[in-house]
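Data first, discussion second: the structure below is written as structure tokens.
No value in this document is a laboratory result; all are computed from the given coordinates. Predicted model only: the values in this text are computed from it and were never measured. Don't worry about glycine lacking a Cβ; one is built from the backbone with ideal geometry, like all the others, and counts go over all protein chains shown.
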Amino acid sequence: MVLTNGYFDLLHVGHVRYLRAARALGDLLIVALNADSTARRAKDPRRPIVGEANRAEVLAALACVDCVVVFEEDTAERVVSLLRPDIYAKGGDYDEGTLPEAPVVQQYGGKVRLLPFEAGHSTTGIVETILERYVPRP
């Protein structure tokens, strides 16, 4: 079992490639989705753009995703502790030494895998492009 987590706001090709790579690590991929409240606390009070129920439905529709769970905590430590995945996957923009979930995974003998980060694909980038193209500047 592979577990990953994130916000997955405005699902884009970088997300899809990442989720496919995570799924390739095992036989089952569970995505722990950050609740709307965690996005507001961690990113911006105006985020997420897409609500958690809709983000979960879109993620669950992907062939590479077997299950989606929504969590309210600021980190996925509790979800990791409860599910005890064989592999906990995160993007290469993270560092195993600073991942709060890594010690939990290591404690029960699981593995942390950092997947390649695809620069140039981000929700923030999409929002900035929309603003540049469609919002008049004073």
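At a glance:
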quantity: Euclidean distance between Cα centres, region 1-41 to region 52-116, Å; calculated: 7 Å
quantity: Selection from 39, 15, 80, by position along the positive dipole direction of region 2-134 (Cβ); calculated: 15
quantity: Using alpha-carbon coordinates, inclination of helix 52-61 to the longest axis of the chain, degrees; calculated: 70 degrees
quantity: Paramagnetic reach from residue 74 in region 1-20 [backbone N under 17 Å; point 7 Å along Cα→Cβ]; calculated: 6-7
quantity: Local net charge near residue 45, Cβ-Cβ under 14 Å (Lys/Arg +1, Asp/Glu -1); calculated: +2
quantity: Hydrodynamic radius (Kirkwood) for region 81-138, which is based on Cα pairs only, to one decimal in Å; calculated: 13.9 Å
quantity: Fraction of alpha-carbon pairs over 24 Å apart in the chain - percent; calculated: 28 percent
